[in-house]
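Inspection log for the structure reproduced underneath, given as structure tokens.
The values are calculated or read from the model by the stated rules, or taken from the named source; none is laboratory data. Predicted model only: the values in this text are computed from it and were never measured. FYI the Cβ positions are ideal-geometry reconstructions off the backbone, even for glycines, and counts take in every protein chain you see. Note: areas computed on protein heavy atoms with side chains; ligands, DNA, RNA excluded. Shrake-Rupley method; radii C 1.70, N 1.55, O 1.52, S 1.80 Å.
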Amino acid sequence: MLYLDIPATQLQRDTLAAALRGAAAAMTAEEAMSVLSNVAVELPGRDDLLEDAVASSDVADAVRGAALSTLARTAPARAVTAARNVRDPGEQVVLAALTALGRLGEPSDTGTVAGLADAPETSPAVVSRADFARALIAHRFGLRGQEEPAPLALLSDPGPAGEPFVSTETGATRASVTLAAVRDWAPEVSAESHVVLDIACGKQPTHLVLRRDLLDAQGQKRLLSAPAVLGYGVSPNPQSGTLGVALLVLYQPSANGAALRVTRTTGEPVYAGTMEHTADAGLSADLYAVHRPGAPAGRIRGLVSENGVEVFGRSTRTAAVPKRVPERRPEGDPSNAFVQSLEQHHGKPPYAGE
């Protein structure tokens with residue numbers, strides 16, 4: 001999100017509410033959303049404004065979707081309630097509702113997810129997001145009996161052509177900051193439940209936040225008997241430098257062993273592979289980059305032993321698969337219309353990771 005510095009005199013509730021409806025001369029709806037999404041700005045009644053915007057038929061669909069996405073960060077419980085109450089066919093707000101329910105909803109919300117994807121003219125983007133929301137709920141709550149994931153085309157090991165990377169232990173201060181960033185996306189994460197690793201590959205620092213249950217035999221047995229979210233990949237916003245969740249590490253038992261997938265928060269798979277137990281009661285994971293537009297070749301190895309967790313591998317800097325032209329999010333992504341309007345107004349897009 002591109003944050004704007006708006007004069008305090010324009011940050012009155014009535015002005016912001018009118019701007020969200022497109023009815024304020026001094027501020028556009030996109031500028032109002034920029035202010036409301038910036039939690040560093042003190043705004044009494046922020047969550048009320050966001051919730052009202054999601055429910056209002058007078059607010060543009062793209063702005064409603066952005067409001068719901070922001071509410072999921074500032075007031076998760078209210079965002080879930082708002083998502084459950086979405087009834088209209090506006091695609092942008094439906095996509096945002098599906099994302100919120102997948103991240104924050106309960107097992108009982110799978111029915112709501114199915115209903116949101118059951119409209120007569122549902123787009124492929126909505127169907128895909130609904131499938132991922134159901135899968136994410138199943139992984140968050142360890143729901144058994146899920147369909148095995150379909151096989152994916154994978155890129156080959158880059159070998160010596162790839163740049164090597166390896167994980168290192170994270171210091172206490174950086175770990176605390178990283179966990180705080182993850183809690184913006186997954187409020188249940190804590191230092192007691194997760195461990196943080198640093199991974200240096202090129203100029204882009206990445207943090208890997210993994211379940212502590214992986215570190216001992218009893219925890220593994222409890223965790224790996226059902227689908228689970230094993231961890232999160234965290235990286236900085238290239239514009240603001242603030243950390244945020246970029247990737248999810250999803251585990252699912254299968255007839256052929258244990259399937260692992262690393263996906264974006266929208267469900268797009270980035271890496272896929274398998275995990276197995278080792279002779280010393282540890283774990284070994286092996287993942288390869290998924291064949292997709294713009295993807296570099298890469299291989300990730302993960303080892304869990306009595307010495308802790310070690311992640312290493314190789315990745316190329318250049319794309320092994322050509323990028324889309326033009327490079328744009330998939331059709332139907334809730335940020336598309338909002339991004340386009342910001343580009344037109346400010347001449348550059350906001351950070352694609354938010």
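If I filter segment 27-43 for residues that are among the hydroxyl-bearing types (Ser, Thr, Tyr) and closer than 23 Å to Ala100 by Cα, do I get at least one hit?
Yes, because at least one residue in segment 27-43 is among the hydroxyl-bearing types (Ser, Thr, Tyr) and closer than 23 Å to Ala100 by Cα.
When Ala96, Ala53 are screened for being touching a Gly at 6+ places or on another chain (Cβ under 8 Å), among the small types (Gly, Ala, Ser), within 26 Å of Ala130 (Cα to Cα) and outside any loop (DSSP other than H, G, I, E, B), only Ala96 passes. Looking across segment 26-45 at every residue that is farther than 14 Å from Asp14 by Cα and part of a loop (DSSP other than H, G, I, E, B), the one that is most open to solvent (accessible area, probe 1.4 Å) is identified as Glu42. With respect to the conditions (1) farther than 15 Å from Thr170 by Cβ; (2) open to solvent by 20 Å² or more (accessible area, probe 1.4 Å); (3) more than 13 Å from the chain's Cα centre (by Cα); (4) not acidic (Asp, Glu), Leu247 falls short on a single one, namely (3). Kindly establish whether Gly90 is within 20 Å of Gly115 (Cα to Cα) and at pLDDT below 90. The answer is yes for Gly90. Taken as a whole, the structure leaves Phe132 outside the set of residues that are surrounded by fewer than 20 Cβ atoms within 10 Å (Cβ to Cβ), within 22 Å of Leu210 (Cβ to Cβ) and either among the hydrophobic types (A, V, I, L, M, F, W, C) or at pLDDT below 85 (or both).
Of all residue pairs spaced 6 or more apart or on separate chains, those with beta-carbon atoms under 8 Å, a first member in segment 47-64 that is closer than 19 Å to Gln12 by Cα and a second member that is among the aromatic types (Phe, Trp, Tyr) are Val63/Phe338. Of all the residues in segment 286-310, those that are crowded, with 20+ Cβ neighbours inside 10 Å and either under 20 Å from Thr170 (Cβ atoms) or over 21 Å from the mean Cα position of the chain (by Cα) (or both) number 6.
For segment 311-322, a residue qualifies if it is surrounded by 14 or more Cβ atoms within 10 Å (Cβ to Cβ) and of a type outside the set (D, E, K, R), and the qualifying residues are Val311, Phe312, Gly313, Ser315, Thr316, Ala320, Val321.
If we scan segment 59-69, do we find a residue that is under 20 Å from Thr242 (Cβ atoms), at pLDDT 95 or above, open to solvent by less than 50 Å² (accessible area, probe 1.4 Å) and part of a loop (DSSP other than H, G, I, E, B)? No - not one qualifying residue is present in segment 59-69.
Residues Leu136, Leu143: which one is in contact with a helix residue (DSSP H, G or I) (Cβ under 8 Å, 6 or more places away or on another chain) and assigned to a loop (DSSP other than H, G, I, E, B)? Going through Leu136, Leu143 in turn, just one is in contact with a helix residue (DSSP H, G or I) (Cβ under 8 Å, 6 or more places away or on another chain) and assigned to a loop (DSSP other than H, G, I, E, B): Leu143.
Checking each residue in segment 27-42 for being more than 23 Å from the chain's Cα centre (by Cα) and under 17 Å from Ala72 (Cβ atoms) picks out no residue at all. Segment 248-354 holds strands (runs of 3 or more DSSP E) entirely within its bounds, and those carrying 2 or more residues that are among the hydroxyl-bearing types (Ser, Thr, Tyr) and either modelled with pLDDT of 90 or more or touching a Ser or Thr at 6+ places or on another chain (Cβ under 9 Å) (or both) map to 269-277, 283-289.
The set of residues in segment 103-132 being in a helix (DSSP H, G or I) and in contact (Cβ under 8 Å) with a residue 60 or more places away in the chain consists of Arg103, Leu104, Pro124, Ala125, Val126, Ser128, Arg129, Asp131, Phe132. The listed residues are Asp198, Asp184, Asp213, and the only one of them that is touching a residue at least 24 places away in the same chain (Cβ under 8 Å) and open to solvent by 30 Å² or more (accessible area, probe 1.4 Å) turns out to be Asp184. Does segment 147-170 hold any residues that are modelled with pLDDT of 85 or more, surrounded by 11 or more Cβ atoms within 10 Å (Cβ to Cβ), in a loop (DSSP other than H, G, I, E, B) and more than 21 Å from the chain's Cα centre (by Cα), and which are they? Within segment 147-170, Leu155, Ser156, Asp157, Pro158, Gly162, Thr170 qualify.
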